[in-house]
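Peer 1: What follows is a structure written as structure tokens; I'll ask about it next.
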Amino acid sequence: DALDDLFDLQDRIASQIAGQVLPTLRAAEITRAVAEPFSNRTAYDLVLTAYPHFWAHERARNAHALEILGKAVDRDPEYALALALCGWAQAHEATYMWTDDPARDRARAIALADRAATHAADHAPTLTAVAATLTLVTDQMDRAAHFIDRALAIDPNNAWAWLRRGWLHGFEGDTPRAMAAFDTATQLSPLDPFRFNCAFGRAYALRAADKLAEAEALVEEGMRLNPAATWALRMMVALR
């Protein structure tokens, strides 16, 4: 009825506003944290400091993110978000072949994700990060889906959760649902620093549907958004 339509419109407007405002607020928080002397930064400040390096998807900066997140965990060993992001960054090391010992880094990533999961409670970003780690370095896709479902039940407007949901559907070979999830992630956070990964995720999903030319164009789009993500060149080779 008309009232339901009005509530739906209000929800969509609120989501769009949040998607536009959140990156700006996060950037302001990062600027504030970086301005603090390193020794004075809280575990939360250290997580904020690590974010830009974590988003970069580049070997040296990922190593720097791991170093900072490790210090956050040292400051607060039960800080679930720091543990989860540290696990996710450790998973990058193994997945993108940035390590001389992928088995070691895979084991570290899983251990960190398991620790984070025990402290995550109802924190959607932590649950999302745990799921991301599991999808990158394990075959525990059902467990990863459980964490994503929990994250989205808590915060249906979490763009990163929709991003990881899209990748999960892509791994399942469900191209339509993957594309819908990536579309939702982009609509919720059009300025998100991970929007390049939405392009890569769409490419992966389209490859499963044998739409290779469209997939290749999306890999190119993702690399324009983040030229540092050279690991995606492997996707390009697989499409030819």
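The values are calculated or read from the model by the stated rules, or taken from the named source; none is laboratory data. Since the structure is predicted, the reported quantities are computational estimates derived from the model, not experimental observations. FYI the Cβ positions are ideal-geometry reconstructions off the backbone, even for glycines, and counts take in every protein chain you see. With ligands, DNA and RNA removed, areas are computed over all heavy atoms of the protein, side chains included. Shrake-Rupley method; radii C 1.70, N 1.55, O 1.52, S 1.80 Å.
Peer 1: Can you find, within the stretch 74-85, the residue that is most open to solvent (accessible area, probe 1.4 Å) among those that are assigned to a helix (DSSP H, G or I) and touching a Lys or Arg at 6+ places or on another chain (Cβ under 9 Å)?
Peer 2: Quick first cut of the stretch 74-85, residues assigned to a helix (DSSP H, G or I) only: 74-75, 80-85.
With touching a Lys or Arg at 6+ places or on another chain (Cβ under 9 Å) added as a condition, the list becomes 75, 80, 82-84.
On the way: ARG75: 108, ALA80: 11, ALA82: 0, LEU83: 0, ALA84: 1 Å².
The residue in question is ARG75.
Peer 1: Taking PRO52 as meeting all but one of (1) at pLDDT 95 or above; (2) in a helix (DSSP H, G or I); (3) open to solvent by less than 60 Å² (accessible area, probe 1.4 Å), write down the number of the exception.
Peer 2: The one condition PRO52 does not meet is (1).
Peer 1: Still on this structure: Show me the helices (runs of 4 or more DSSP H) entirely contained within the stretch 131-240 in which 3 or more residues are open to solvent by less than 20 Å² (accessible area, probe 1.4 Å), basic (Lys, Arg) and over 22 Å from LEU85 (Cα atoms).
Peer 2: On the way: elements: 141-154, 159-172, 175-188, 195-208, 212-225, 233-238.
Filter on the stretch 131-240 gives an empty set.
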